[in-house]
1. Would you be so kind as to identify which of 407, 456, 264 lies farthest towards the positive end of the dipole of the chain, taking Lys and Arg as +1 and Asp and Glu as -1 on Cβ and the Cα centre as origin?
2. With both bridge residues required to lie in the chain, what share of the DSSP beta bridges run antiparallel, to the nearest 5%?
3. When ranked by the protection proxy of mean other Cβ atoms within 10 Å per residue, highest first, what sequence do the peptides 214-225, 395-406 form?
4. Which net charge results for the neighbourhood of residue 348, defined as the other residues with beta-carbon distances under 9 angstrom from its beta-carbon, given Lys and Arg at +1 and Asp and Glu at -1?
5. Tell me, what is the FRET efficiency for residue 208 and residue 483 to the nearest 0.05, using R0 = 56 angstrom and their Cβ-Cβ distance as r?
6. Can you put 367, 75, 376 in order of Cβ neighbours within 10 angstrom, beginning with the fewest?
7. Residues with beta-carbon under 12 Å from that of residue 434, excluding residue 434: net charge, scoring Lys, Arg +1 and Asp, Glu -1?
8. Rounded to the nearest 500 deg cm²/dmol, what is the calculated helix-only ellipticity per residue at 222 nm for the chain, with -39500 (n - 2.57) per DSSP H run of length n ≥ 4?
Amino acid sequence: MVAAVKNTSKKVSVNAILFLVNSLVQNESMRKFILKNIEHRMYLDLIKENPYGRPAKVQEEKFWMGRALLHRIHVALSKGHISKEASNALLKVFLGNVFFGGFYSRKKFVEEHGFRPPLFITISPTILCNLRCAGCYADAGASRATIPFHILDRIISDAKESWGMHFFVISGGEPFIYKSEGKTFLDLAEKHTDCYFMSYTNGTLIDNRMAERLAGLGNITPAISVEGFEKETDERRGKGTYQKIIRAMSNLRTVGVPFGISVTITKDNVDLAMSDEFIDFYFEEQGAAYGWIFHYMPIGRGITLSRMVSPEQRVGMISREWELIRDRRIFLADFWTSGTSSDGCISAARAGGYFHINWNGDVTPCVFAPYTQHNVVDVYESGGSLDEVIQSPLFKAIRKWQDDYAYERKPWEHGNLLTQCPIRDHHKEFRKIVVTTGAKPADEAARECLEDESYMRGMDAYDQKMSRLTDRRWQREYLDPELRP
C-alpha cells in the first residue's frame, strides 16, 4: 500500500514537472533559456565528465548530435510545426516514460542479468506495402506475412514491464497498411499511450484524415522515405510518389505532427542527398525535424553490390555529415557514418541499443542483418519471454564482438568507429559468427548472401578498402590525442 502511494506520488510529481516544462517551452524566450541550460548540462556530462571513458572526439561528436536535435526541436516549435498537444505528448511520453520512467525495471534487469537492456525494438509488423522499391530489404515477393495483433501487443507490454522500454520503431513493409484481428498500427499506439513510436513510412497514405488521427494520438512521428527530389524518388518508388510525399508533409505541418525524413543512399544519389539544396528543401522549407541516413545494403530485393556507396564517397560523407550536424545543427543520424555518436554498432540488444523483429516473428540482431535463432511467436507459444530471445548465441557473439572492438575498450584502444558495422565493414567476421552460432537466414535473399562466395569476396574487398581509407584518420584524429597510462 505504501509503495503504491509512493509510486502514485512520483507519477503526479513527474506529470506536474512535465506540464510546467511544456507550458514554458511554448514561450520562445523561456524555451531558449531551457534549451541553453540543457545544452550546457549535456556538454558537462559528455565532454567534461565523460563517465564511460570514451575518446574525447567521440564525446565531442555526441555533443554536436544532441545539440543539433535540440536546435531542430526549437525550430519546429518556433515555426508552429509541433502543436501544443503534440509537444505535451512528446514530453509526457518521451521524457516522462522513455527517460524518467522504467528506471526500476531496467535496474532489476541489470541485477538479474548483469548487463543493461536494449533501449528500443524495431518491429516490422507486416511485409505488405503499396510500393515496390528497388533494393528494399523487405523483399515482399508474394508474401503477406503479418505479426498477429495480440503478439504485437504483447511484445510492447512485455518490453515495458521487463526492460522499462517505452520507445519503439515501426518499420515494414508499410506500417500504415498493417491490419490484424481488426486492429491497425494506430490502434496499437492508442492502446499504449505511454509509449512513443517512430514509423518509417513511404508517406503515401498520410492524407488529411490520417494526419488528424496522428495529431490526436500525439505519440507517433513519421519518418518519410525520400530518395532526392521528384526524379530520384519516382525512379525508385514509382511515378507520382513524390507529390504524395509532399502532400503528406503539408498535412502533417498543418496539424502540428513532428516528422522527419529517411534517405536510402546509393552511389547515384549521394551527392544530391548531401547537397545544400537537398538539406534546405527538406529541413527548412518542408520542416523535417530530423533525418535518418541509410546506406543501401545489398541484402534485399535485387541484390547488387554495384549500388553501394563507394568507399571514397563514404569517406566524403563522414566529413559532410558532421559539417551539417556541427555547423548548421541539422540532426542527421547515420549508423555507418556517425557511429561515434552511438559508441559503435548498437545491434543484437546491446546496452542502449536495439534488435529487430520481422513480419514472421523472426528475431534478428539488426534490420540489415537478417539471420535468426528465435521466433517470438514460437517463444511465446512455448512459454518463453523476450529475455530469452536476446540471449541467443548469435546475439551474445555479436555483443562480445562489439565489446572487444570498442565498447569495452580503453579510449586509446577503441577500434575504428568510422567502420563499425559488423555486416557491412567486417563482413568476414560477421559471416563467421553466423556460421559458428548456427543462425539461420530469415529469408532466401539472406541465404544467397551467406552461400555466395563472390558476394563474400566483394564485401571483403569493400571492407579492406574502407579500412585503408579511414584507419589512419581514426588513429590521428581520435586515438592519438588520448593519454595513455
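Here, each number is a calculation from the coordinates, and none is a lab measurement. Bear in mind the structure is a predicted one, so any value in this text is a computation, not a measurement. A quick note on method: Cβ atoms are made from the backbone with ideal geometry, for glycine too, and the neighbour counts reach across all protein chains shown.
1. The Cα lying farthest towards the positive end belongs to 407.
2. If I count the DSSP bridges inside the chain, around 25 percent turn out antiparallel.
3. Details: 214-225: 22.5, 395-406: 19.8.
The most tightly packed comes first, giving 214-225, 395-406.
4. Numbers: positive: 350, 396, 399; negative: none.
In short, +3.
5. Numbers: r = 58 Å, r/R0 = 1.04.
Computed FRET efficiency for residue 208 and residue 483 comes out at 0.45.
6. Values: 367 22, 75 17, 376 25.
Ranking 367, 75, 376 by Cβ neighbours within 10 Å, fewest first, gives 75, 367, 376.
7. Values: positive: 428, 431, 432, 440, 447; negative: 429, 451.
Summing Lys and Arg as +1 and Asp and Glu as -1 gives +3.
8. Details: 20 runs with 225 residues, N = 485.
Roughly -14000 deg cm²/dmol at 222 nm, from the helical runs in the chain.
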